[in-house]
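Trainee: This structure is in structure tokens; I'll ask about it shortly.
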Amino acid sequence: RGALVARFLERNPIANLATDARARRLFLDGTTCFLNAYPCRDEGRLLPTPASWFTEKEQVDDPDAEILDQAVGSIGSLLRPTQVKSNFCHVSGASASLYTPPRQVNVHISLLNPNHRDEPNQVYRYDALAEGEVLAGVILTGDANAAAEVKSLLSPDELRLGGAHTAGYGRVRIEAVEESSDWEEYVPGQDPPDGSIVVTLLSDTVLRGRDGQLGQ
């Protein structure tokens, strides 16, 4: 979304994005929703691995290990339960494939003063997704005009994402753009037999209590 906002402002210079009705419809008021871009593999777009998934500690690196979901049942049969550590998953029936994107760590030197080797000059590491990772994102809107305008912002097909793009990171190419009228982010499984309801959060969420306090 941030990259498309920047492209929108290049083409439509306005004083205040938040007060412009057109910009609000595209980016701010919920008419158009930008879902997270997650890794895409042969089986399709992956989703974050639920925090409620556990397996035996000794089998945490075994792709064929049994996984128990604490949200819908007991994990008492596990001798040394530990959370599944893979970042993303794809669920098909009663089985799941797991995936953690490869990363690359590069060392940089910030030369605030190239004439002196002193405190202002710092050495730091930059941890980024490895080159070649394929991600799939989704843009949802029920407004045909908004859909057409957002689609126009996807061209040209090269974008720069993130705050470090000036250092050579975050270069992406957009391809295989498809339109769908029946998108489903997740096909829910069965709720627990005790009648409770399981809510699966598929992106970062801020939860507040009835008085506005942040949840833990």
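The values are calculated or read from the model by the stated rules, or taken from the named source; none is laboratory data. All values reported here derive from a predicted model rather than from experimental measurement. Here the Cβ is made from the backbone with ideal geometry for all residues, glycine too, and neighbour counts use every protein chain on show.
Trainee: If I go through the stretch 125-164 residue by residue, how many of them are in a loop (DSSP other than H, G, I, E, B) and in contact with a Cys (Cβ under 8 Å, 6 or more places away or on another chain)?
Mentor: So the count comes out to 1.
Trainee: Can I ask one more? crowded, with 16+ Cβ neighbours inside 10 Å and either closer than 30 Å to residue 131 by Cβ or not basic (Lys, Arg) (or both): is that true of residue 45 in this structure?
Mentor: On the way: crowded, with 16+ Cβ neighbours inside 10 Å: yes; either closer than 30 Å to residue 131 by Cβ or not basic (Lys, Arg) (or both): yes.
Yes.
Trainee: Okay, next question. Please enumerate the residues belonging to the stretch 93-114 that are in a loop (DSSP other than H, G, I, E, B) and at pLDDT 90 or above. Quick ask: steps written out before the conclusion?
Mentor: Filtering the stretch 93-114 for residues in a loop (DSSP other than H, G, I, E, B) gives 93-94, 100-102, 111-114.
Answer for the stretch 93-114, where residues must be in a loop (DSSP other than H, G, I, E, B) and at pLDDT 90 or above: 100, 101, 102.
Trainee: Can you name every residue in the stretch 1-31 that is out of contact with any Lys or Arg (no Cβ under 7 Å at 6 or more places or on another chain) and hydroxyl-bearing (Ser, Thr, Tyr)?
Mentor: 19
Trainee: Let me ask something else. Please enumerate the residues belonging to the stretch 12-26 that are surrounded by 16 or more Cβ atoms within 10 Å (Cβ to Cβ) and free of Cβ contacts under 8 Å to residues at least 12 places away in the same chain.
Mentor: 20
Trainee: Here's a follow-up. Quickly run through the stretch 62-92 and pick out the residues that are hydroxyl-bearing (Ser, Thr, Tyr) and either closer than 17 Å to residue 200 by Cβ or modelled with pLDDT under 95 (or both).
Mentor: Listed by number, the residues that qualify are 74, 77, 86, 92.
Trainee: Quick one: count up the residues across the stretch 67-92 that are under 21 Å from residue 187 (Cα atoms), in a loop (DSSP other than H, G, I, E, B) and not aliphatic (A, V, I, L, M).
Mentor: Total meeting the criteria: 4.
Trainee: Test each condition in (1) surrounded by 12 or more Cβ atoms within 10 Å (Cβ to Cβ); (2) modelled with pLDDT under 85 for residue 161 and report the one that comes out false.
Mentor: (2)
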